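Down below is the structure, laid out as structure tokens.
The values are calculated or read from the model by the stated rules, or taken from the named source; none is laboratory data. Please read these numbers as outputs of a predicted model, since none were measured by experiment. Cβ atoms come from the backbone with ideal geometry, glycine included; neighbour counts cover every protein chain shown.
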Amino acid sequence: MQNSKTITITDDSGFLGIVNADKYNSFVSEDWRLSQLFNRFVDEMNNDNLILWSTGSENVWTVRFVNKPSDIKSFREFYKTLEVTSGKIFLTNYEDLTMAAQYHDDKIPAKHNADLSFDLDNGRHEFQIRQLFDPDDNNHQPEGKVHFEIVVQTDTSKKSQRIDKIFWQTN
């Protein structure tokens, strides 16, 4: 595993994700409905192929992958496991996920985001997603800061975590 890597990603819809591109079942339907799409996201998270969360707003985000948390106090955080099968995972956004859900030929990662990867040993890993800002704070200055810290550890528990909605989704 790499010790750390910082990635910048655009987000026009308020959702970011981490995906195992080899295992993620992306296509839903050429005319999917939002409920179908969100059900697919939950299914793929429960299959340890995707981690998806609401950012609280739209922006260009800086995400840092690390193997231990920093001393920065998080606004909120959660834990979720993900299976790695090709030696890397990808950071993705809602726009890329919806395109892959609608078109058989569009895959994750999207071509323009194919470099947004993090190298990991194959196996199951636990990801701690730490949001380092309050999205409702109007005085928040996002430029030049890490917005999300992703702490990655090998998961040896073999416990299956079941979820029923996208993390931090409010509606």
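In table form, for the structure just shown:
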{"read-out": "Strands (runs of 3 or more DSSP E) lying entirely in the range 54-171 (those with 1 or more residues that are in contact with a helix residue (DSSP H, G or I) (Cβ under 8 Å, 6 or more places away or on another chain) and either basic (Lys, Arg) or surrounded by 13 or more Cβ atoms within 10 Å (Cβ to Cβ) (or both))", "value": "76-84, 88-93"}
{"read-out": "Selection from the range 32-53 of residues that are of a type in the set (Phe, Trp, Tyr) and either part of a helix (DSSP H, G or I) or at positive phi (or both)", "value": "PHE38, PHE41"}
{"read-out": "Residue match in the range 34-52 (condition: farther than 21 Å from VAL146 by Cα, small (Gly, Ala, Ser) and without any contact (Cβ under 8 Å) to a residue 40 or more places away in the chain)", "value": "yes"}
{"read-out": "Condition met for PHE15 (in contact with a helix residue (DSSP H, G or I) (Cβ under 6 Å, 6 or more places away or on another chain), surrounded by 18 or more Cβ atoms within 10 Å (Cβ to Cβ), modelled with pLDDT of 95 or more and not β-branched (Val, Ile, Thr))", "value": "yes"}
{"read-out": "Of all residues making up the range 75-106, the number that are in contact with a Phe, Trp or Tyr (Cβ under 9 Å, 6 or more places away or on another chain), of a type outside the set (A, V, I, L, M, F, W, C) and under 16 Å from VAL151 (Cβ atoms)", "value": "4"}
{"read-out": "Residue match in the range 15-31 (condition: assigned to a loop (DSSP other than H, G, I, E, B), in contact with a His (Cβ under 6 Å, 6 or more places away or on another chain) and not charged (D, E, K, R))", "value": "yes"}
{"read-out": "Test result for LYS145, more than 15 Å from the chain's Cα centre (by Cα) and of a type in the set (D, E, K, R)", "value": "yes"}
{"read-out": "Inter-residue pairs, beta-carbon under 8 Å, first touching a residue at least 24 places away in the same chain (Cβ under 8 Å) and closer than 19 Å to SER35 by Cα and in the range 80-106, second among the small types (Gly, Ala, Ser) and part of a strand (DSSP E or B), 6+ apart", "value": "ASN93/GLY17; TYR94/GLY17; LEU97/GLY17"}
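Per-residue answers, yes or no, for (1) more than 25 Å from PRO135 (Cα to Cα); (2) touching a strand residue (DSSP E or B) at 6+ places or on another chain (Cβ under 7 Å); (3) not acidic (Asp, Glu):
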| position | (1), (2), (3) |
| --- | --- |
| LEU52 | no, yes, yes |
| SER57 | no, no, yes |
| VAL66 | no, yes, yes |
| GLU77 | no, yes, no |
| LYS80 | no, yes, yes |
| PHE90 | no, yes, yes |
| ASN93 | no, yes, yes |
| THR98 | no, no, yes |
